[in-house]
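Worksheet: one structure, shown below.
Any read-out appearing in this document is the output of simple, stated calculations on the displayed coordinates, not a laboratory observation. Just so it is clear, the model here is predicted, and its values are computed rather than measured.
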Amino acid sequence: VVVVPNDTPNVNFSLEPGGSISGYIYQADGVTPVAEAYVVAHSLDIDYSRSGIVNADGSYSITCLPVGQYRVSAAADGYVSEYFNNSFLSSQHTPVSVTSFSNTANINFSLDIGGSISGHVYQAVGINPVADAYVWVSLIDGDYGK
């Protein structure tokens, strides 16, 4: 309880030192940076995620991460989203370990250029279009796409 103008003593915190994840995001050639990409680390241990900024050279760093295991993914418009170690399926990602006072480096990605699906949605008679219809794409193996 804070009562003005008195001081409320012994409001203390104990912060755990975190770690970081870093790497590069390239096009499929493994050389050309994808600077417009974004990268996210999702904790496998707690309800926590954090994203990183991708620089013009394709490098990124995600800092201030609690110690634990993470599912790391990268994505960019026009490219196929990917989980660390060349997996397109979240169920097949390779976990990335984060330890205190340490950077887990070389968590790199090579993104493939993506394809697209297009078409029209019509009412049952096949003549009148359905406005604002939502179309969902699902991979044959049951995992989801975007």
Under Karplus coefficients 6.51, -1.76 and 1.60, residue-wise ³J(HN,Hα) of segment 106-116 in Hz, glycine/proline x
6, 8, 9, 9, 10, 8, 7, 5, x, x, 8
What would the Debye equation give as log₁₀ I(q)/I(0) for segment 1-50 at q = 0.22, 0.31 Å⁻¹, counting only Cα atoms as equal point scatterers?
-0.94, -1.21
Given segment 51-103, report the % of alpha carbon pairs whose separation exceeds 15 Å.
55 percent
Under the classification rounded if a/c is under 1.5, otherwise prolate if a/b is larger than b/c and oblate if not, where does segment 1-119 fall, given a ≥ b ≥ c as square roots of the Cα gyration tensor eigenvalues?
prolate
Sequence order, segment 45-54: Karplus ³J(HN,Hα) from phi using 6.51 cos²θ - 1.76 cosθ + 1.60, θ = phi - 60°, Hz rounded, Gly and Pro as x, gives 9, 9, 7, 8, 8, 8, 10, x, 8, 9
In terms of modelled amide H atoms, which long-range or inter-chain residues lie less than 5 Å from the amide H of residue 110?
26
